[in-house]
Amino acid sequence: MQVGVIGLGTMGANLARNAARNEATVAIYNRTAERTDVFMKDHGEEGNFIPCTSYEQLTGALEGRRAILIMVKAGDAVDTVIEDLLPFLSEGDILIDAGNSLYTDTNRRVEELRKKKIHFIGMGVSGGEEGALHGPSMMPGGDMEAYKYVEPLLMQMAADDGDGGKCVTYIGPGGAGHFVKMVHNGIEYGVMQLMAECYDLLKSLGEFSNQDLHDIFTAWNDTEELHSYLSEITAQIFLQKEKDTYIIDLIRDKAGQKGTGKWTTQAALDLGVAIPTINAAVDARILSGSTAERAEGKNYAVHVDNTEPIPRAMKFRSSIRSSMELSSICAYGQGFVLIQKASSEFDWSLNLSEIARIWRGGCIIRSSLLKKLQNAYSTDSAIAKTANRNLLDRFDGDRQIEWRQVVELGISWNIPVPALSASLTYFDTLTRKNLPQNLIQAQRDFFGAHGYERTDKEGSFHTQWAEGQK
């Protein structure tokens, strides 16, 4: 098969190499020709590459029906590439945006290009630079007929799922693929923040060394419950040194972000879905970079509750482990509920079990939990029932008590635990028989005559709360 690749940044270059290694002829183009030259010098012998210096040359190098992968910065840059490419395209050609585009932009591009008889695929790609080269998880959405045309190559390029399948599947129409990738990134934000909070508690309260932390995260990664790519790399981080100093201790505590977490939060608000763990993670990154506010905060009086005892080392490790596991289930669960709501709202008919399956290899949030979620969303009711029961059972007994104690410790000792506490609050809200929002409904009816429902009879009701109220 032949494919074009526009944009030779790290991800674009590695996807081009991946395609070539899987016997595709790859025409490559970059806005700055020097990068194309460097690519050919470093990787030109790895496969059949055709370096191009213009869109006309790129499209001319591809015979028959063209499939062109666009790997440029999300937003206006994608629209510019499409606009500049159009004069050189023919009816039936396929454009694949494999960047982190906002799903509403993808919806628009699918419709605009359909009118021009050009097929458009919005494809989320996860796995970082190594995944892009050796096998990512890919989430293509948009034109299904076009996907079927490129599916053989994508199947060869994708990571293995661990059960003989490949980590790629057609997600759904329009911007469904980019929506699912956006939520993937939101879950990624949540899990990373949970790990950061566990690290802070272990280091600040438990006084564990970096070697200890390496051992702890390595042990997590060896368990059925917490085995994951993020546990694996976090364990490695704690051993990295520069001369005699651990790198982790030299890194400034200001986290960056590229917008997909914020988009997830915005989409959840628009769709009316609660994702408090993910929202807390987004807020935590924003606060970490709020240097003026943090500087001012140093002037505030802090009173810790040092009467709250810190457990012995092994007990503390166990409690943190339980907190990480249960909070992670909440974070992933929130993401899947959001995907489910979007599927219903936009009539996408998304297969949540398949989405969990293709996240099991190649991608950043791959973990043992995804197999359980794959089963929990299975169309086989018996498998789904058993898997859901097994997940719910994890919240029973001592693990839940340890989770509560860890959150309490963080609050007592002035250690922020926004994602851990948001996860616990999410669980408590879902499991509480009665919530205090009955008071909010009464307040709304008092000042705005909004009405309320009652527990004893059907209908909408309004009360004259105060004398003279209209």
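Is there any pair with a first residue in region 387-412 that is at pLDDT 95 or above and assigned to a loop (DSSP other than H, G, I, E, B) and a second that is of a type outside the set (D, E, K, R) and open to solvent by 20 Å² or more (accessible area, probe 1.4 Å) whose Cβ atoms are under 7 Å apart and which are 6 or more apart or on different chains, and what are they?
Within 7 Å, the pairs are Arg394/Ile329; Phe395/Phe427.
For region 326-375, which residues satisfy the criterion of being within 19 Å of Met195 (Cα to Cα), among the hydrophobic types (A, V, I, L, M, F, W, C) and not in a helix (DSSP H, G or I)?
Cys363, Ile364, Ile365
Please specify each residue of region 305-333 satisfying the condition of being among the hydrophobic types (A, V, I, L, M, F, W, C), under 18 Å from Asp215 (Cβ atoms), in contact (Cβ under 8 Å) with a residue 40 or more places away in the chain and open to solvent by 30 Å² or more (accessible area, probe 1.4 Å).
Passing the criteria: only Ala313.
Could you list all residues from region 334-347 that are under 27 Å from Gly128 (Cα atoms) and either open to solvent by less than 20 Å² (accessible area, probe 1.4 Å) or among the aromatic types (Phe, Trp, Tyr) (or both)? Don't jump to the end; show me each part of the working.
Kept after step one, since they are under 27 Å from Gly128 (Cα atoms), are these residues of region 334-347: 334-340, 342-343.
Listed by number, the residues that qualify are Gln334, Gly335, Phe336, Leu338, Ile339, Ala342, Ser343.
From the list Tyr149, Tyr103, which one is at pLDDT 95 or above and closer than 25 Å to Thr260 by Cα?
Tyr103
For region 152-180, which positions are within 21 Å of Glu225 (Cα to Cα) and open to solvent by 20 Å² or more (accessible area, probe 1.4 Å)?
Passing the criteria: Asp160, Gly162, Asp163.
Out of all the residues in region 32-43, which are open to solvent by 20 Å² or more (accessible area, probe 1.4 Å) and part of a helix (DSSP H, G or I)? Give the derivation first.
Step one: of region 32-43, the residues open to solvent by 20 Å² or more (accessible area, probe 1.4 Å) are 32-35, 37-38, 40-43.
Within region 32-43, Ala33, Glu34, Arg35, Asp37, Val38, Met40, Lys41, Asp42, His43 meet the criteria.
Which numbered condition in (1) open to solvent by 80 Å² or more (accessible area, probe 1.4 Å); (2) at pLDDT 95 or above; (3) among the basic types (Lys, Arg) is the only one that Lys258 fails?
Here Lys258 clears every test but (2).
So which pairs qualify, if the first residue must be in region 293-304 and touching a residue at least 12 places away in the same chain (Cβ under 8 Å), the second must be surrounded by 10 or more Cβ atoms within 10 Å (Cβ to Cβ) and part of a helix (DSSP H, G or I), the Cβ gap must be under 9 Å, and the two must be at least 6 apart or on different chains?
From region 293-304, the pairs are Val304/Ser412.
Tell me which of these Met11 doesn't satisfy, since it passes every other one: (1) within 24 Å of the chain's Cα centre (by Cα); (2) under 16 Å from Leu153 (Cα atoms); (3) open to solvent by 10 Å² or more (accessible area, probe 1.4 Å); (4) hydrophobic (A, V, I, L, M, F, W, C).
Result: Met11 fails condition (2) only.
How many residues are open to solvent by 50 Å² or more (accessible area, probe 1.4 Å) and not acidic (Asp, Glu) if we restrict to region 87-106?
Count: 5.
Looking at (1) touching a helix residue (DSSP H, G or I) at 6+ places or on another chain (Cβ under 9 Å); (2) within 24 Å of Ser137 (Cα to Cα); (3) open to solvent by 40 Å² or more (accessible area, probe 1.4 Å); (4) modelled with pLDDT under 95, which one does Glu224 not meet, given that it meets all the others?
(1)
Scanning region 44-55 for residues that are at pLDDT below 95 and part of a helix (DSSP H, G or I), which turns out least open to solvent (accessible area, probe 1.4 Å)?
Gly44
Can you list residue pairs whose Cβ atoms sit under 6 Å apart, with the first residue in region 129-143 being over 16 Å from Asp161 (Cα atoms) and the second being of a type in the set (A, V, I, L, M) and in a loop (DSSP other than H, G, I, E, B)? Count only pairs 6 or more apart in sequence or on different chains.
Going by the 6 Å Cβ cut-off, the qualifying pairs are Gly141/Ile171.
What about Gly127, is it at positive phi, crowded, with 24+ Cβ neighbours inside 10 Å and at pLDDT below 95? If you could, list the steps in order and put the result at the bottom.
Numbers: at positive phi: yes; crowded, with 24+ Cβ neighbours inside 10 Å: yes; at pLDDT below 95: yes.
The answer is yes for Gly127.
Determine whether region 181-204 contains at least one residue that is of a type in the set (S, T, N, Q), surrounded by fewer than 24 Cβ atoms within 10 Å (Cβ to Cβ) and farther than 30 Å from Trp348 by Cα.
Scanning region 181-204, I find at least one residue that is of a type in the set (S, T, N, Q), surrounded by fewer than 24 Cβ atoms within 10 Å (Cβ to Cβ) and farther than 30 Å from Trp348 by Cα, so the answer is yes.
For Ile251, which of the numbered conditions (1) within 24 Å of His214 (Cα to Cα); (2) touching a residue at least 12 places away in the same chain (Cβ under 8 Å) fails to hold?
Evaluating Ile251 over (1) within 24 Å of His214 (Cα to Cα); (2) touching a residue at least 12 places away in the same chain (Cβ under 8 Å) leaves (2) as the failure.
Only one of Arg366, Arg357 is open to solvent by 20 Å² or more (accessible area, probe 1.4 Å), out of contact with any Cys (no Cβ under 6 Å at 6 or more places or on another chain), of a type outside the set (S, T, N, Q) and under 23 Å from Met324 (Cβ atoms). Can you tell me which?
Among Arg366, Arg357, only Arg366 is open to solvent by 20 Å² or more (accessible area, probe 1.4 Å), out of contact with any Cys (no Cβ under 6 Å at 6 or more places or on another chain), of a type outside the set (S, T, N, Q) and under 23 Å from Met324 (Cβ atoms).
Consider Tyr29 carefully, then state whether it is in contact with a helix residue (DSSP H, G or I) (Cβ under 9 Å, 6 or more places away or on another chain), among the aromatic types (Phe, Trp, Tyr), surrounded by fewer than 21 Cβ atoms within 10 Å (Cβ to Cβ) and without any contact (Cβ under 8 Å) to a residue 60 or more places away in the chain.
No: the conditions fail for Tyr29.
How many of the residues in region 68-86 are surrounded by fewer than 21 Cβ atoms within 10 Å (Cβ to Cβ), in contact (Cβ under 8 Å) with a residue 24 or more places away in the chain and over 27 Å from the mean Cα position of the chain (by Cα)?
Summing the residues that are surrounded by fewer than 21 Cβ atoms within 10 Å (Cβ to Cβ), in contact (Cβ under 8 Å) with a residue 24 or more places away in the chain and over 27 Å from the mean Cα position of the chain (by Cα) in region 68-86 gives 2.
The values are calculated or read from the model by the stated rules, or taken from the named source; none is laboratory data. What you see is a predicted model, and the numbers here were worked out from it, not measured in a lab. Reconstructed Cβ throughout: ideal geometry from the backbone, glycine too, with neighbour counts over all protein chains shown. Each accessible area value is taken on the protein alone, full model and side chains, heavy atoms only, with ligands, DNA and RNA left out. Shrake-Rupley method; radii C 1.70, N 1.55, O 1.52, S 1.80 Å.
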